[in-house]
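**Q** Dumping the structure here so I can ask a few things about it.
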């Protein structure tokens, strides 16, 4: 009897687990839970309450017959039909044996040995079938998993182009609309890209403004001073001429000439600064022209420094230049290369300023801009002694929108645009950085043959 109940419990537990009733068949899960509780109650009654065996026996038979009935009739339980084949012989023999005991004791005694042997075989058959069903279920699960994996691999193997071609073949009418949407998206993307480039250029131009004002003030002061002095000298020369002192007048005229030369020199200097600003701010024509790289680097180095000084009076850093005098001029788009140089110098000054905030004893912020002529190219090097670039960021620094600066202090486009500009010139950008010691950006440009 206990064995019958244990089998009932095992069947119920197996069915609930194998059919995943809790999630897939919640209604049947509730029914089989009731059967489970009933079987447990019968097991307790059979072991704890005297003279209850016959009642428990027939109730256990009814439970097992009910399970067989459910497995045979309910479509939702069709996946467990094999369980029906496994338990049916044992249940039928068990019920038949108990009926034989009650109805005809003599016939039962005569057939007892046969029934016991048949029952034993049915138990063995049930156990073997349980193993077979379990192995088949696992094999089926493996097959399903294998099928899913193969399908996934097939989907991954199909390229995006093939998928689009299939969609085109199936939905020709929809393709026109999709193409129009893609074209519109492309137009918007190009517009957004142009706005971002303009925004980045305006940001660098804003940084230049204060520096340009400072730089242009020096030659203007010279022009004003020499103009005033020359005006006074002219009045003095006129007095000497009135006196007939020709030699003295000629000496004064020579001084005036020197002053005018200085005025011309500083006027050209101011003109050069203004032209540089206009050249930086205007949209690139895309036309290359012979440009003095040393002068370009020197211009933007000083403008960057004075621009940062104007924005932050506490800013201070040592800056040096180490230019190769043999470079001469090279064929570039000056406003584009100037934008690259300015961006990298600004980054260098930012790096040394951030390190200075750490109050390291004996630390003196320094930025060095140098040029060098190699065999068939020109190298522009911007070096700082800041904190350097962490190893995990080195491969990301040229990606669009990647920045280590706090929110609002950088767009993450400067190095990305710089990389594109240098590549468009047939050049390359290299980074040599040691965390905690500093960074060097090396811009390599083709040298005109």
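The values are calculated or read from the model by the stated rules, or taken from the named source; none is laboratory data. A quick note: this is a predicted structure, and the numbers were derived from the prediction, not measured. All Cβ positions, glycine included, derive from the backbone under ideal geometry; neighbour counts span all protein chains shown.
**Q** Confirm whether residue 311 is in contact (Cβ under 8 Å) with a residue 60 or more places away in the chain and loosely packed, with under 15 Cβ neighbours inside 10 Å. Step through it out loud before you land on a result.
**A** Values: in contact (Cβ under 8 Å) with a residue 60 or more places away in the chain: yes; loosely packed, with under 15 Cβ neighbours inside 10 Å: yes.
Yes.
**Q** Using beta carbons and a limit of 6 Å, which pairs, at least six apart or on different chains, have the first residue in the stretch 171-192 and at negative phi and the second one part of a helix (DSSP H, G or I)?
**A** Pairs found: 175/168.
**Q** Give the stretch 349-369 a look and list any residue that's over 34 Å from the mean Cα position of the chain (by Cα) and either farther than 22 Å from residue 312 by Cβ or surrounded by 20 or more Cβ atoms within 10 Å (Cβ to Cβ) (or both), or say none.
**A** Matches in the stretch 349-369: 361, 362.
**Q** Quick one: which residue in 116, 163, 153 is in a helix (DSSP H, G or I), outside the structural domain of residue 10 (by TED's automatic domain parsing) and modelled with pLDDT under 75?
**A** Details: 116 fails: outside the structural domain of residue 10 (by TED's automatic domain parsing); 153 fails: outside the structural domain of residue 10 (by TED's automatic domain parsing).
None of the others qualify; the one that does is 163.
**Q** Out of all the residues in the stretch 316-331, which are more than 27 Å from residue 424 (Cα to Cα) and buried (at least 17 other Cβ atoms within 10 Å of the Cβ)?
**A** The initial filter retains those residues of the stretch 316-331 that are more than 27 Å from residue 424 (Cα to Cα), namely 316-320.
Result: 317, 319.
**Q** Considering every residue within the stretch 332-348, establish whether at least one is surrounded by fewer than 16 Cβ atoms within 10 Å (Cβ to Cβ), in the same structural domain as residue 429 (by TED's automatic domain parsing) and in contact (Cβ under 8 Å) with a residue 24 or more places away in the chain. Outline the logic, then answer.
**A** Within the stretch 332-348, the subset surrounded by fewer than 16 Cβ atoms within 10 Å (Cβ to Cβ) is none.
No, there is no match, as no residue in the stretch 332-348 is surrounded by fewer than 16 Cβ atoms within 10 Å (Cβ to Cβ), in the same structural domain as residue 429 (by TED's automatic domain parsing) and in contact (Cβ under 8 Å) with a residue 24 or more places away in the chain.
**Q** One residue is enough: does the stretch 415-422 have a residue meeting the conditions in contact with a strand residue (DSSP E or B) (Cβ under 8 Å, 6 or more places away or on another chain), in a loop (DSSP other than H, G, I, E, B), under 26 Å from residue 299 (Cβ atoms) and at pLDDT 85 or above?
**A** no
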